[in-house]
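Let me begin by presenting the structure, written as structure tokens, before commenting on it.
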Amino acid sequence: MADAKKSTGIHIKGIGKYVPEMIATNEDFAKIVDTSDEWITQRTGIKTRHITNGEPTYYIGAQAAKNAIADAGIDVSDIDLIITATVTPDFYTPSTACLIQREIGAIGSMAIDINCACTGFDYGIDMAKRYLQSEDGVDTVLLVASEELSKFVDYTDRSSCILFGDGSAAFVLERQYDTLYSSFLGADGTGAKYLVSRAMRSENAFRTNKEDFDMGMPETKKHYFTQDGREVYKFATKALPNAVEKACEKAGISPDELDAIVPHQANVRIIETAAKNLGVSMDKMVVYIDRYGNTSSASIPIAFCDAVAEGKIKRGDKICLVGFGGGLTYAAVIFEY
């Protein structure tokens, strides 16, 4: 890492995850839609996914937060800022971050929600780094990704219902000097219509650009998740390697020098194609989509937690977390674990 650029970055002091106990297998989905284990596995790489049994988004997020806090060995009073990434909040207001704060007892800390879809955790890390770098009273950040995607899945649509699971994960972050850190973040709002879940209809709302987001669905299903799979695939397979390359360039390293890349766990075919476009072996990719399906912003940190637990990621490793998602958003962050 002699040529790598060092700066003020992050130290991951603790990590934790939480997934609901209930597991839905591919065979379970074959009972409710016209599909099979073979069809799902070959096209997505997914075998199982965890589904909540009534636990709200803030609750599963709080469980992951408690696990991360215990792993970090800190007191909740040490937390200066809570950032929560989610696309499935339980309320328009209060924020999920405020509810997690209440559940863990970190009263007095700042609390912010962000919605960057599946890229949310990367955006959250970079936001946390910038707060920590300011050295203006923020020394410890709790970053949580919590998603209950079963809220907006249409379980009559076999093309989408098989993809998603529920889960959460959290990092406790601190400032670290003279370390490896870089990021590359962006968005392309012209593709917003390719991944959509509309807010609940309001009779008072002024509706515009209806044709962009109609998707041909009946009014009662407009809040369900819809996607143009072909357009998302085209976007993701280009955005993922581009984000990694740009972040590596800023860090002064090549992708080959990374010890592990943790991509958003959307579809194994996307990951395989992106790895090929990036010119790296799949051995460098951390993939657990078979266990959890797509858990949106929680997918990257859940995969990271499993990789650490199984020894695939170790202290001192150079890591890239890379995401792509609705918006359309994309981001990569590089750091030394």
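Observations
- Residues that are of a type outside the set (Ser, Thr, Tyr), open to solvent by 10 Å² or more (accessible area, probe 1.4 Å) and outside any loop (DSSP other than H, G, I, E, B), drawn from region 142-155: Glu148, Lys151
- Check on Thr119, open to solvent by less than 50 Å² (accessible area, probe 1.4 Å) and either more than 24 Å from Gly54 (Cα to Cα) or polar (S, T, N, Q) (or both): yes
- Complete set of residues in region 308-336 that are of a type in the set (Gly, Ala, Ser) and either open to solvent by 10 Å² or more (accessible area, probe 1.4 Å) or assigned to a helix (DSSP H, G or I) (or both): Ala309, Gly311, Gly316, Gly326, Gly327
- Given (1) among the hydrophobic types (A, V, I, L, M, F, W, C); (2) within 30 Å of Leu180 (Cα to Cα); (3) part of a helix (DSSP H, G or I); (4) modelled with pLDDT under 95, number of the condition Ala62 does not satisfy: (4)
- Among residues of region 38-65 that are without any contact (Cβ under 8 Å) to a residue 40 or more places away in the chain and farther than 27 Å from Ala111 by Cβ, none has a beta-carbon under 9 Å from a residue that is aromatic (Phe, Trp, Tyr) and open to solvent by less than 20 Å² (accessible area, probe 1.4 Å) at least six positions away or on a different chain.
- Candidate set from region 39-59 (those that are in a loop (DSSP other than H, G, I, E, B) and among the charged types (D, E, K, R)); member that is surrounded by the fewest Cβ atoms within 10 Å (Cβ to Cβ): Lys47
- All told, Asp139 meets the bar of being modelled with pLDDT of 95 or more, over 21 Å from Tyr330 (Cβ atoms), out of contact with any Phe, Trp or Tyr (no Cβ under 7 Å at 6 or more places or on another chain) and surrounded by fewer than 19 Cβ atoms within 10 Å (Cβ to Cβ).
The values are calculated or read from the model by the stated rules, or taken from the named source; none is laboratory data. Keep in mind that this is a model prediction, so the values were computed, not measured. In this analysis, Cβ positions are derived from the backbone assuming ideal geometry, glycine residues included, and neighbour counts consider all displayed protein chains. Accessible surface is based on the protein model in full, side chains and every heavy atom, while ligands, DNA and RNA are left aside. Shrake-Rupley method; radii C 1.70, N 1.55, O 1.52, S 1.80 Å.
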